[in-house]
Amino acid sequence: MQNGLINVLLADDDEDDRLFFREAFEKIKIKTRVKTVNDGVELMKHLIKNGNELPHILFLDLNMPRKNGMDCLLEIKRNNNLKDIPIAIYSTSASEEDIEETFVKGANVYIKKPSDFGTLKKILEEVITINWQYQTSGLNREAFLLNR
Amino acid sequence: MNLYLKYDTYLACRKILQEQFNKFQLSYTLKSFWEVEIKEELPRTMLDELSSSLNSYGIEVVGNHKSILIQKIKDTIIEMVYMEEKLPTSKTSSYLADKLNHRYGYISNLFSEVTYTSIENFIILQKIERVKELLITNELTIKEIAWKLNYSSVAHLSNQFKNVTGLTPSVFQRIINKRHST
């Protein structure tokens, strides 16, 4: 945590959500660099493009036009270069089936989009902190499941 | 004209240290090549100045007493959680104080100050990681896991698991099993 910036990538088609998300990251203690993309097609292009640094964590909205979050999740998990990126689903849906299905397909975190800023800040801070523990303290990544 | 040089690194470093510590008017003892004992407690600002001054010679202060103690606390907790048979039944506060030879109050305050989390939270997180591992390997029943890690009951374990991960142990286990079978 002490050393360096954490690269965060968000894929979300809703402009307000993207703004909300950026602001929350500016307010938390841990230093991050946030990049956003507007849909699944743009996301996959960004990830596959040579020279683009891979994020330390990807926040992925489920409902997006052109290519939805679930398809992106599957594609990322099938791609050997990308499959180790920790993935946090960031969605308005809180149905048990959605949650379980995304976890089974390889997501690590499931965040139900909160309606107030304070909660969002708190959740994002927690997710980033725990993600960092998994990346740096030799914890078993397979066991990284977090539902918020 | 070329001069050819031969170095006695040990002597050179000792000289540098001597000059530096004199510059800061500190009395010190070289305990080994890697460890210097300073008689008095240094204020933070002075320690920072000393560090950056040494840095210009390629000498780095790699850790102070605090960061070393923090690492020891973490190691002790992890060792405790991963003990073969069962977690010690003594209170963790006295267990840690005993192992580390410091008052628990001191250890606990230091930990919170440096890591932004409490010892209690760190222990809970490590215990839950251990629970996950035991759930994944599927060798023990949840009741046996609760006993091994000193939870008073299965309900207590399940509640803490749910608080930390947002999932119940059985849902967690189901997800991991499904992942393996697809």
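The values are calculated or read from the model by the stated rules, or taken from the named source; none is laboratory data. Please read all numbers here as calculations on a predicted model, not as lab measurements. As a convention, Cβ positions derive from the backbone with ideal geometry for all residues, glycine included, and neighbour counts pool all protein chains shown. The protein model used for the area step is the full one, side chains on, heavy atoms only, and it has no ligands, DNA or RNA in it. Shrake-Rupley method; radii C 1.70, N 1.55, O 1.52, S 1.80 Å.
Show that you can apply the helix-only estimate: for chain B, add -39,500 (n - 2.57) for every DSSP H stretch of four or more residues, divide by all residues, and state [θ] at 222 nm to the nearest 500. Working shown, then result.
On the way: 9 runs with 116 residues, N = 182.
The helix-only estimate for chain B comes to -20000 deg cm²/dmol at 222 nm.
Would you mind telling me the antiparallel percentage of the DSSP bridges in the protein assembly as shown, rounded to 5? All intermediate terms of the calculation are to be shown ahead of the outcome.
Details: 4 of 23 bridges.
Just about 15 percent of them are antiparallel.
Dipole size in debye (nearest 20) for the range B:42-182 around its Cα centre, Lys and Arg Cβ +1, Asp and Glu Cβ -1?
Details: 17 positive and 14 negative charges, 124 e Å.
The dipole of the range B:42-182 has a size of about 600 debye.
Under unit Cβ charges (Lys, Arg +1; Asp, Glu -1), what dipole magnitude, rounded to 20 debye, does the protein assembly as shown have relative to its Cα centre? Present the calculation step by step, with values, prior to reporting the outcome.
Values: 44 positive and 44 negative charges, 108 e Å.
So the dipole magnitude of the protein assembly as shown works out to roughly 520 debye.
Straight-line reach from B:K72: which aspartates and glutamates fall under 17 Å, measuring Cα to Cα and dropping same-chain residues less than 8 apart?
B:D98, B:E113, B:E120
With 24 Å as the limit, write out which pairs from B:K91/B:K127; A:K29/A:K49; A:K122/B:K66; A:K49/A:K77 have Cα-Cα distances beyond it, or answer none. Intermediate results must be reported in sequence, preceding the final value.
Details: B:K91/B:K127 15 Å; A:K29/A:K49 31 Å; A:K122/B:K66 28 Å; A:K49/A:K77 17 Å.
Among B:K91/B:K127; A:K29/A:K49; A:K122/B:K66; A:K49/A:K77, the Cα-Cα distance tops 24 Å for A:K29/A:K49; A:K122/B:K66.
If you find the alpha carbon centre of the range A:59-101 and of the range A:10-29, how far apart are they in angstrom?
Result: 17 Å between the Cα centres.
Please work out the Cα convex hull volume for the range B:1-60 and give it in Å³ per residue. Show your work: numbers first, answer last.
Numbers: hull volume 5.9 nm³, N = 60.
Each residue corresponds to 99 Å³ of Cα convex hull volume.
Over the C-alpha atoms of chain A, what are the Rg and the largest Cα-to-Cα span, Dmax, in Å?
Expressed in Å, the Cα Rg and Dmax of chain A come to 14.1, 39.
Quick check on chain A: helices-only [θ] at 222 nm, where DSSP H runs of length 4 and up contribute -39,500 (n - 2.57) each and the sum goes over total residues. Nearest 500, please. Let's see the in-between values first.
On the way: 5 runs with 61 residues, N = 148.
So the calculated ellipticity at 222 nm is -13000 deg cm²/dmol.
Bin by bin, in steps of 10 Å, what percent of the Cα pairs in the range B:48-182 do you find, going until the bin that has the longest distance?
Whole-percent P(r) values from 0 Å outward: 11, 34, 27, 17, 9, 4.
Ignoring everything but the protein chains, give the 1.4 Å probe accessible area of A:W132 in square angstrom, nearest 10.
40
Taking Cα atoms of the range B:124-181, Rg/Rh with Kirkwood Rh, to two decimals? Write out the running numbers ahead of the final one.
Values: Rg = 10.6 Å, Rh = 11.3 Å.
Taking Rh as the inverse mean 1/r over Cα pairs, Rg/Rh reads 0.94.
State whether the range A:94-148 is rounded, prolate or oblate according to the following rule on the C-alpha gyration tensor (a ≥ b ≥ c being the square roots of its eigenvalues): a/c under 1.5 gives rounded; otherwise a/b larger than b/c gives prolate, and the remaining case gives oblate. Mind showing how you got there, number by number?
Details: a/c = 4.00, a/b = 1.12, b/c = 3.56.
Note, shape of the range A:94-148 comes out oblate.
Which order do the peptides B:19-31, A:61-73 come out in when sorted by mean C-beta neighbours inside 10 angstrom, highest first? Let's see the in-between values first.
Working: B:19-31: 12.3, A:61-73: 18.4.
Order by mean packing, descending: A:61-73, B:19-31.
At q = 0.10 Å⁻¹, what is the base-10 log of I(q)/I(0) for the protein assembly as shown according to the Debye formula with one equal point scatterer per Cα and no solvent? Please give it to two decimals.
Rounded to two decimals, the profile gives -0.76.
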